[in-house]
Amino acid sequence: MEKEILTEDVKNSLKKTFAGLRDPVTVEVFTQIGVNDVFNEAAVDLLKIISQLTDKIKVGFYSVKDEHAKKRKALRSPTILLEPDRYSIRYTGAPAGEEASSFIISLLMLSTGKSLLSDGSKKRLDRLKEKREVRIFVSPTCPYCPQQVLYAVSSAIEKKDLIFVEMIEIYENADLAEKYAAMSVPRTFLGETLLSAGLQPEENFIESLVQGKTVEYIMPEDRKDLKDYDIVVIGGGPAGLTAAIYAERSGLKSIIFEKANIGGQITITPVVENYPGFSRIAGKTLVEMMAKQTMEYSPVLQGVGVTDIKKKDSGFEVSTTAGNYKARAVIIAAGAATRKLNVPGEDTFAGRGVSYCATCDGYIFKDGKNVIVVGGGNSALTDALYLDSLGAHVTIVHRRESFRAEERLQQSVFQRNMPVITNAVVLEIQGKKVVEKVILVNLKTGEKKILAVQGVFIAIGYEPDNELAKKLGVELGDEGYIKVDEHMKTSMPLVYAAGDITGGVKQIVTAVSQGAIAALAVFEDLSSPYWKKGM
């Protein structure tokens with residue numbers, strides 16, 4: 001009996017999705033017995049089910065040893081080619097977990113001939129005259145990978161004669177991951193050259209592809225078309241999403257810009273157990289629910305970064321990678337980025353065993369590899385539990401005597417008998433091509449200790465993403481967080497802040513409440529400007 005890898009609900013959902021297919025799509029699956037058998041089975045089963053759900057997807061199954069495989073240069077098992085006679089798009093590895101979404105959307109794009117790229121990105125891509133080979137390393141648990149993959153597949157559809165795209169699953173292709181030092185995902189290469197160590201905004205990815213090198217800043221395609229909004233919300237985490245809901249329900253026209261993934265830190269939180277209404281829910285699921293609700297009220301531009309804000313007499317001019325916008329008020333909900341250790345070897349081995357996202361990168365360490373988690377707060381212990389559940393051998397390193405995390409998380413760690421090294425910090429991270437060991441030092445005795453590890457997961461807190469706040473000149477606290485009052489007002493009229501960017505308690509429920517307060521404050525202040533009273 002064929003193993004069912006998809007539930008009936010998922011099959012019915014896919015069947016509805018495939019109703020939108022237009023032209024037939026040919027898919028070729030190449031496998032070899034004895035190599036990645038579990039993943040071969042997953043790939044074959046998935047494609048068999050898909051072919052049964054629609055007559056628009058034609059699937060052929062081949063051996064890596066066949067002459068046809070040599071013709072297609074399909075040398076690894078499993079390899080999946082999409083519409084190979086017209087395009088150069090392949091998945092090297094089973095499209096499992098998070099990557100299944102990009103695979104399904106790719107099939108839809110190939111059938112309709114329509115990519116997901118904006119008109120501005122298509123114009124940029126028209127400048128490409130040379131061939132490009134794009135390789136993106138992914139994992140089944142990486143929430144950021146599918147978006148980067150879809151940018152690449154979209155580019156290959158737009159420029160089918162110039163762009164070759166390959167998605168490589170790091171666990172199934174550990175030798176390639178080691179060769180390219182791709183232990184952190186998504187990791188994008190142009191030929192043999194690293195293009196991006198992480199998710200890029202759409203415009204940055206396309207411009208980097210065109211220029212053949214990493215491009216950080218993109219001049220907006222249309223700087224004259226200033227679009228008017230009451231509120232521009234910067235950041236698509238829980239604070240920003242909630243702010244937009246409350247703004248629109250108050251009658252204020254709002255728009256959200258999120259330079260990375262919608263949801264912020266929640267997206268990479270495996271399980272949330274302290275959000276009211278849910279005793280236990282996956283972080284990504286909670287984010288999707290929030291985002292879906294917000295999009296019923298307000299546009300959310302994912303992958304669009306804000307590059308500058310200028311105060312004008314009539315409000316604010318907001319420059320983004322997708323053009324310029326006018327706003328009467330601004331809510332900054334940009335969140336905070338992961339804090340670094342700043343020790344020798346950290347930057348050298350970033351993506352080569354050093355990681356700041358256990359959900360993204362933990363999968364490659366699942367078969368009993370030795371890793372350390374540095375930190376003692378909720379994030380650190382959550383990461384440790386997640387890595388342990390994957391099958392990694394986890395040691396927690398914490399600079400203090402006791403953890404700062406919630407008692408329930410501490411109990412879970414102790415119940416699993418995870419090794420814990422307290423009163424110690426990482427002095428140096430060492431290795432050749434990838435991480436091989438760390439040097440620890442005891443803060444009380446000064447004694448040094450060498451620990452053989454393949455992975456270092458850092459979870460020691462966050463740094464506020466305050467560059468835009470600095471450009472505006474709003475007042476910041478000693479640690480760089482934006483100072484706000486009880487109404488989330490900053491030192492500049494009609495500029496508000498909410499969520500992790502304000503410091504304090506970094507919890508989802510706090511961010512949500514602050515987002516609501518900020519939006520309601522905007523409504524009150526636009527109706528009755530407090531700074532004009534008494535003039």
### Task
Report relative contact order for region 52-202 in percent, whole number only (criteria: Cα-Cα under 8 Å, sequence separation at least 6).
24
### Task
Tally the DSSP beta bridges in the chain and give the antiparallel ones as a percent, rounded to 5.
45
### Message
Sequence gap at least 6, Cα distance under 8 Å: using those rules, report the relative contact order of the chain to the nearest whole percent.
### Response
12
### Query
Working out 0.36 nm times the residue gap between residue 524 and residue 68, then minus their Cα-Cα distance, what length gain in nm do you get to one decimal?
157.4 nm
## Note on the structure
Summing -39500 (n - 2.57) over every DSSP H run of at least 4 residues in the chain and dividing by its residue count gives a helix-only mean residue ellipticity at 222 nm, to the nearest 500 deg cm²/dmol, of -9000 deg cm²/dmol
### Summed side-chain charge close to residue 340 - residues other than residue 340 whose Cβ falls under 9 Å, Lys, Arg +1, Asp, Glu -1
-2
### Message
Step by step: find N for region 8-211, compute 2.2 N^0.38 Å, then divide the Cα radius of gyration by it. What's the final number?
### Response
0.97
### Query
In debye, nearest 20: dipole of region 354-460 around its Cα centre with unit charges on the Cβ of K, R (+) and D, E (-)?
240
#### Entry: Measure of compaction for region 317-382 (Cα Rg per 2.2 N^0.38 Å)
1.67
### Message
Taking amide H atoms as placed 1.01 Å from N in the peptide plane, list the residues 5 or more away in sequence, or in a different chain, whose amide H sits under 5 Å from that of residue 370.
### Response
393, 454
### Query
Suppose every K and R has +1 on its Cβ and every D and E has -1 on its Cβ; what is the size of the dipole of region 113-156 about the Cα centre, in Debye to the nearest 20?
180
### Message
Sorting check: for 362-370, 331-339, 316-324, which peptide has the highest mean count of neighbouring beta carbons within 10 Å, and how do the rest follow?
### Response
331-339, 316-324, 362-370
### Task
Within the set of other residues whose C-beta is less than 11 Å from the C-beta of residue 86, count the net charge using Lys and Arg as +1 and Asp and Glu as -1.
-3
## Note on the structure
Phi-derived 3J(HN,Hα) across region 421-438 with the Karplus relation (6.51, -1.76, 1.60, θ = phi - 60°), rounded Hz, x for Gly and Pro, is 10, 9, 6, 9, 10, 7, 8, 7, 10, 10, x, 9, 7, 9, 4, 10, 6, 10
### Message
Can you tally the net charge around residue 253? Count Lys and Arg as +1, Asp and Glu as -1, for every other residue whose Cβ sits under 14 Å from the Cβ of residue 253.
### Response
+1
#### Entry: 5 angstrom amide H check on residue 427, placed H, neighbours 5+ away
439, 440, 441
### Relative contact order (percent, whole number), region 243-337, Cα cutoff 8 Å, 6+ residue spacing
27
#### Entry: Signed unit charges on C-beta, dipole axis of the chain, positive-most listed residue 107, 385, 322
322
### Task
Would you be so kind as to identify which of 6, 174, 294 lies farthest towards the positive end of the dipole of the chain, taking Lys and Arg as +1 and Asp and Glu as -1 on Cβ and the Cα centre as origin?
174
### Query
Based on the alpha-carbon gyration tensor of the chain and its eigenvalue square roots a ≥ b ≥ c, which shape applies: rounded if a/c is under 1.5, prolate if not and a/b is larger than b/c, or oblate?
oblate
### Task
Could you tell me the distance between the Cα centroids of region 446-515 and region 324-357, to the nearest Å?
11
### Message
Could you give each residue of region 335-347 its phi-based ³J(HN,Hα) in whole Hz, using Karplus coefficients 6.51, -1.76, 1.60 with θ = phi - 60°, and x for Gly or Pro?
### Response
x, 9, 9, 4, 6, 9, 6, 6, 10, x, x, 5, 6
### Task
Just the ratio, please: alpha-carbon radius of gyration of region 384-463 over 2.2 N^0.38 Å, N its number of residues.
1.14
### Summary
Length gained if residue 279 through residue 297 is fully extended, taking 0.36 nm per residue and subtracting the Cα-Cα distance, is 3.8 nm
### Message
For region 354-460, give me the percentage of DSSP beta bridges that are antiparallel, rounded to the nearest 5 percent.
### Response
50
### Query
Dipole magnitude of the chain about its Cα centre, charges +1 at Lys/Arg Cβ and -1 at Asp/Glu Cβ only, in debye to the nearest 20?
660
### Task
With θ set to phi - 60°, apply the Karplus curve 6.51 cos²θ - 1.76 cosθ + 1.60 along region 327-333 and write out the HN-Hα couplings as whole Hz, x wherever there is a Gly or Pro.
9, 7, 8, 10, 10, 8, 10
### Task
List the DSSP H helices in the chain whose Cα atoms stretch 27 Å or more along the helix axis and whose mean Kyte-Doolittle hydropathy is at least -0.5.
508-527
### Filtered trypsin sites (Lys or Arg not before Pro), region 435-535: DSSP coil and at most 14 other beta carbons within 10 Å
444, 533
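Readers should treat all values here as calculations from the given coordinates under stated rules, not as data from a laboratory. Everything numeric in this text was worked out from a predicted model, so none of it was measured. Virtual Cβ from ideal backbone geometry, glycine too; neighbours counted across all protein chains shown.
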